[in-house]
Amino acid sequence: MAEVGYVGLGMMGSAAVHRLLAAGYEVTVWNRTRAKAEPLLEAGARWADTPREVAERSEVIFTMVTNTAAVQAVTEGPDGIIAGLRPGKVYVDMSTASPANTRALAAQVAGTGAQMLDAPVSGTAIVVDQGKASLMVGGDEATFERVRPILEAIGPKVFHVGPNGAAVTMKIAINLSLAVQMLAFSEGVLIAEKSGIARERVVEVMLASVIASPMVAYRGPLVLGHPDEVWFDCHMMQKDVNLALELGQELEVPLPTTAVTNEFLTAANGMGIGDLDFAVLFDVLAAMSGVKTSVLR
């Protein structure tokens, strides 16, 4: 089995590494704060002191970091991943970042003789833990087939969607719909609630209706109370929404509902609740409607 490296051990990255370890892969890891790696080291992962060392010790190297700037931080410079790449290695970025940067990075990786794939995940860390995540992959198809077994260890549904940058574009297209769906769901809940139906009953009925997408099934209950562990906060969602709006302008595709939803994310940040899951879009709309919630009273 290929030796695997993983850089970026947030909730999603840690869940992916747990899946790889469970599948029998030897995994070398790095994170800005080593404390996040400790549970993985106890589970059998090996620590590296720099991203470059991860790349030098691994055949297939993954990253899962916050944004485009974070991708650049772990790939560039003397201690970055690119410095540790050699012919035959494969670098897989699972971050949701700029498609243009992804394509430029792929060219840099090719200059070392290695290959790059972009392979973002659709789903939460819980979905990854459960082995139900789906991955979309961009890059050379032969390289994709080579690492496909490793990708399938992280998530069983793996789709090759085109060249480098195509997968992260697909992820952006999906994520803009998550935020828009949450805002639309919130509108429906509040109309029903203000008409006199209990919020708990509204949510119960909606989750049994035709609108109960996987996103609504996961986040709909959050209008009744937020979890202690934040899945995907407003700042992260707004980063993805802004990437979508940039792509919309570049491709001349109007994104009216995305633009409106972006303003509600800005409002959440301005109201001091942006560190909560983006399901607080409901709380923002509720406050505008004169309805109290567990977050805003």
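The values are calculated or read from the model by the stated rules, or taken from the named source; none is laboratory data. Please read all numbers here as calculations on a predicted model, not as lab measurements. Ideal geometry is used to build each Cβ from the backbone, glycine not excepted, and the neighbour counts take in all protein chains shown. Surface accessibility is based on the protein's heavy atoms, side chains included, excluding ligands, DNA and RNA. Shrake-Rupley method; radii C 1.70, N 1.55, O 1.52, S 1.80 Å.
Give a quick list of GluC sites (Glu not before Pro) in the range 1-91 that DSSP marks as loop, anything other than H, G, I, E or B, with at most 14 other Cβ atoms within 10 Å.
Numbers: sites: 3, 26, 42, 53, 56, 59, 76; in loops: 3, 26, 59, 76.
In loop regions of the range 1-91 (DSSP not H, G, I, E or B), the sparsely surrounded GluC sites (Glu not before Pro) are 3.
Would you please give the FRET efficiency between residue 229 and residue 249, computed as 1/(1 + (r/R0)^6) with r the Cβ-Cβ distance and R0 = 45 Å, to the nearest 0.05?
Computed FRET efficiency for residue 229 and residue 249: 0.85.
Anyone know which of 156, 254, 221 comes out most mobile in the 10 Å Cα GNM of the chain?
For the chain, modelled as a Gaussian network with Cα springs under 10 Å, the answer is 254.
Tell me, what are the semi-axes, in whole angstrom and largest first, of the equivalent ellipsoid of the chain as set by the roots of 5 times the Cα gyration tensor eigenvalues? Walk me through the numbers before you get to the answer.
Values: eigenvalues 265, 80, 57 Å².
Value: 36, 20, 17 Å, ordered largest first.
Taking the chain as the reference, fit the longest principal axis to its C-alpha atoms, fit the long axis of helix 256-270 to the helix C-alpha atoms, and give the angle between the two in degrees, 0 to 90, nearest 10.
Roughly 90 degrees between the two axes.
Mind checking the per residue accessible area of the chain for me, 1.4 Å probe, whole number of Å²? Write out the running numbers ahead of the final one.
Numbers: 12910 Å² over 297 residues.
With the other protein chains kept in place, the chain gives 43 Å² per residue.
Helix 234-251 against the longest principal axis of the chain: what's the angle in degrees, Cα atoms only, rounded to the nearest 10?
80
With a 1.4 Å probe and every protein chain kept in, tell me what percent of the accessible surface of the chain is carbon plus sulfur. Walk me through the numbers on the way to the answer.
Values: 7140 of 12910 Å².
C and S fraction of accessible area: 55 percent.
Under a cut-off of 17 Å between alpha-carbon atoms, report the lysines in cross-link reach of residue 292, not counting same-chain residues fewer than 8 places apart.
Cα-Cα hits under 17 Å: 194.
Please determine, in degrees from 0 to 90 and to the nearest 10, the orientation of helix 11-22 with respect to the longest principal axis defined by the Cα atoms of the chain, where the helix direction is its Cα long axis.
Roughly 50 degrees between the two axes.
Of all the Cα-Cα pairs you can form in the range 107-168, what percent are over 18 Å apart? Let's see the in-between values first.
Numbers: 644 of 1891 pairs.
I get 34 percent for the Cα pairs in the range 107-168 exceeding 18 Å.
Expressed as a fraction of 2.2 N^0.38 Å, the rule-of-thumb size for a compact globular protein of N residues, what is the C-alpha radius of gyration of the range 193-297?
Values: Rg = 14.7 Å, N = 105, 2.2 N^0.38 = 12.9 Å.
Normalised Cα radius of gyration, the range 193-297: 1.14.
Quick one: if the Förster radius is 35 Å, what FRET efficiency do residue 259 and residue 145 give, using the C-beta to C-beta distance and rounding to 0.05?
On the way: r = 39 Å, r/R0 = 1.11.
About 0.35, to the nearest 0.05.
Would you rank 19, 34, 219 by solvent-accessible area, highest first, keeping every protein chain in place and using a 1.4 Å probe? Don't skip to the answer; put the middle values down first.
Numbers: 19 70, 34 110, 219 15 Å².
Most to least solvent-accessible, the answer reads 34, 19, 219.
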